[in-house]
Amino acid sequence: MGARMKPAEGAMTLAEMKEFAAFPAATQRYVRRALDIGLDREDAMVRWSRDVVEAASISAQARIYTRLPDIRSNIPDDSGLDAVEPLIGPLIAVAAFDLGQGRLTTFSAFRFLYERLIGAKIRPWLPAAFCSAASLPHLHPELRRKLLQSISEAAATASGWSTRQPAFFPYWVEKVDVAALPS
């Protein structure tokens, strides 16, 4: 008999689904695309590219996401500053790319994606990476303002973080033509 999901796990998964559903359609699309690229789930170029501009963006994202394995392996077990350097520079660079695409317009969307791309151990480092990347001059000042205002005081000053891995990983779902369904 297979392992059964505990009620708390089901409630957390449902909460993750609700959080994702609250994101704008463009954010949802970007998160699914990023997960396909970062987790090597699908051929993102075939699945997501609608034109040459998007194809170029997907190629650039795939190049920048080659840093993800190093980021995953360099997450420190503590907050000692000597262990930060191999993590924070590459993390900020990847985050700056994603924020520069203009589809992750809040800290919650950024956190949602990065918890899945990298894992639960990255949570303590996300506020610093987000604020650093959101402050970089390559972003339009209005986008920088919007991004930095989206992080709550609670998220920026949390004294602890959950170690529970995310359970819901959004995936491409083909649209169903309701008219073509048998009645």
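Of the residues examined, Arg32 is not one that is exposed (fewer than 14 other Cβ atoms within 10 Å of the Cβ) and either in a loop (DSSP other than H, G, I, E, B) or at pLDDT 95 or above (or both). Only one of the listed residues (Ser49, Ser73) is over 16 Å from Leu117 (Cα atoms) and either of a type outside the set (D, E, K, R) or surrounded by 15 or more Cβ atoms within 10 Å (Cβ to Cβ) (or both). That residue is Ser49.
Only a single criterion out of (1) within 24 Å of Gln61 (Cβ to Cβ); (2) not in a helix (DSSP H, G or I) is not satisfied by Thr163, namely (1).
The single residue among Thr27, Thr13, Thr66, Thr105 that is part of a helix (DSSP H, G or I), of a type in the set (Ser, Thr, Tyr) and in contact with a helix residue (DSSP H, G or I) (Cβ under 7 Å, 6 or more places away or on another chain) turns out to be Thr27. Scanning segment 35-51 for residues that are at pLDDT 95 or above and hydrophobic (A, V, I, L, M, F, W, C) turns up Leu35, Ile37, Leu39. Every test in (1) touching a residue at least 24 places away in the same chain (Cβ under 8 Å); (2) outside any loop (DSSP other than H, G, I, E, B); (3) of a type in the set (A, V, I, L, M) is passed by Leu148 save one, and that test is (1).
The values are calculated or read from the model by the stated rules, or taken from the named source; none is laboratory data. Since the model is a prediction, treat every value here as computed from it, not as a measurement. For neighbour counting, all protein chains shown are included, and Cβ atoms are generated from backbone atoms with ideal geometry for every residue, glycine included.
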